[in-house]
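Following: one structure in structure tokens, then a few remarks.
The values are calculated or read from the model by the stated rules, or taken from the named source; none is laboratory data. None of these values were measured; they are calculated from a predicted model. We place every Cβ from the backbone using ideal geometry, glycine too, and count neighbours over all the protein chains shown. Ligands, DNA and RNA are excluded from the accessible area calculation, which covers all protein heavy atoms including side chains. Shrake-Rupley method; radii C 1.70, N 1.55, O 1.52, S 1.80 Å.
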Amino acid sequence: LIVAPTSWLQGDDSGMLAKRIPLAWAQRVASIPGVAAVDTYRELTVELDGRPVALVSRDLRLHAQRSRYLFISGDSTTTLERTVAEDGVIISEVLARTAGLNAGEALRLMTPAGEREFSIHGIFYDYATDGGKVVMDRALYRRIWNDDTTTVLAVYLMPGADGTSIRRRIADRFAETGRENQPAVISNGELKREILVIFDRTFRITYALEFIAVVIAVLGIINTLLTAILERRRELATLRSIGASATQIQALMLWESGYLGLLGGLLGVFGGFFLAVLLIQVINKQSFGWTIQFAFQPWLLFQALALASTAALLAGYLPARWAAKQPIAEGLRYE
């Protein structure tokens, strides 16, 4: 479960002060039966070489036990344990690229006690910020920043615990704080579904472009087949005159349209694979500073080939019927 200020969930930009809750609330949540652990996630903005950077503090040992970061190299649990033991930090790939930092080097941050160096113990993949992210253990952050607030509470439940019941207990426990200060309690699944809805809404234009591309491809195949029929009227008429049936002529044209679609699909798959590598290795790194994880899914390739072949067969149906109905005598007199 996630306990957070409503301003954080709604993306309110009224300021960092509005996006935090008292750290003591973590103990109140942890005392509820069925709660296994509570991770206090604090995020604020700091400056690094004149650029805004997200500074995140959390219980890294707890995070190592129950979750993980995807590091460019190294095991997540080992890296996080070493980061806590040596009072270091981990940074996002975006920050590492833009600032020219590497694991093992020192990161200089301005703190309330002045500028201080932190050793970098790992670089992790992250897609949440443009300027980058620095993550340190909660205990180290509290010693330096003397901050007793948190942005989000990540509530881990015991195995078999009733999430709905615990969610209601958390809401009841904070009911006396007042309607304005009462945090929102949502499940991790709800947050994921909301994020996917936002992604789907963002990519609706992509789906429209895909539909337009298929329509244009179908019209292109129809035009190609009609042109081929006009240029091969004598050939088709000759086949009819030596015994080929109208059904065979129609099947011949459908076969041609089918392999046109299959050939186009294969070229599209290879072209798409090359474009994916280009986007991941070059464009995204230069434009955003992050690396998207490559995931090969064979069923998507088969789906693309099936769609291309089916669209081509549907596009070739009417031209094939028209070719089968061409008069034999007129075709033999052609040219």
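Within region 83-98, which residues have the backbone N less than 14 Å from the label spot 7 Å out from residue 287 along Cα→beta-carbon, could you tell me?
Answer for this model: none.
Once Kirkwood radius over Cα pairs in Å is worked out from the coordinates, which option in (i) 25.1; (ii) 23.3; (iii) 21.8 does it equal?
(i)
Out of region 162-227, which trypsin sites (Lys or Arg not before Pro) are coil in DSSP terms and have no more than 16 other C-beta atoms within 10 Å?
Of the trypsin sites (Lys or Arg not before Pro), the ones in loops of region 162-227 whose Cβ has at most 16 other Cβ atoms within 10 Å are 179.
Solvent-accessible area of residue 185, probe 1.4 Å, all protein chains present, reported in Å² to the nearest ten, please.
The accessible area comes out at roughly 20 Å².
With every protein chain kept in the model, how would you rank 92, 241 by accessible area, 1.4 Å probe, largest at the top?
Order by accessible area, largest first: 241, 92.
Using 0.36 nm times the number of residues separating residue 77 and residue 235, minus their current alpha carbon distance, what extension gain do you get?
Once the chain is fully extended between residue 77 and residue 235, it gains 49.8 nm.
Hey, if you put +1 on the Cβ of every Lys and Arg and -1 on every Asp and Glu Cβ in the chain, which of 134, 50, 282 ends up farthest toward the positive end of that dipole?
Towards the positive end, the residue furthest out is 282.
How large is the accessible surface of residue 164 in square angstrom, using a 1.4 angstrom probe and rounding to the nearest 10?
90 Å²
Quick one: ranking 253, 110 by accessible area, 1.4 Å probe, largest first, what do you get? Show your work: numbers first, answer last.
Values: 253 0, 110 115 Å².
Heavy-atom accessible area, descending, gives 110, 253.
Could you work out how much longer the chain between residue 294 and residue 215 gets when fully extended? Use 0.36 nm per residue separation minus the Cα distance between them, nm to one decimal.
Numbers: separation 79, 0.36 × 79 = 28.44 nm, distance 2.91 nm.
Residue separation times 0.36 nm, minus the Cα-Cα distance, leaves 25.5 nm.
Check each of the chymotrypsin sites (Phe, Trp or Tyr not before Pro) in region 237-324 and keep only those in coil by DSSP with at most 16 other C-beta atoms within 10 angstrom; list them in order.
288, 294, 296
Only residues of region 196-212 count here: report those whose backbone N is under 13 Å from the spot 7 Å along Cα→Cβ of residue 275, or say none.
Within reach of a label on residue 275: 206-207, 209-212.
Per the helix-only calculation at 222 nm, which mean residue ellipticity applies to the chain, given -39500 (n - 2.57) for every DSSP H run of n ≥ 4 and division by its residues, nearest 500 deg cm²/dmol?
-16500 deg cm²/dmol
Of 52, 22, 112, which has the largest mean-square fluctuation in a 10 Å C-alpha GNM of the chain?
Looking only at 52, 22, 112, the biggest GNM fluctuation is shown by 112.
How much length is gained if the chain between residue 198 and residue 68 is pulled fully straight, taking 0.36 nm per residue apart and subtracting their Cα-Cα distance, in nm to one decimal?
Length gained, residue 198 through residue 68: 44.4 nm.
Tell me, what is the 1.4 Å probe accessible area of residue 196, in Å² to the nearest 10?
About 100 Å², rounded to the nearest 10.
Tell me the per residue accessible area of the chain using a 1.4 Å probe; a whole number in Å² is fine.
That works out to 58 Å² for each residue.
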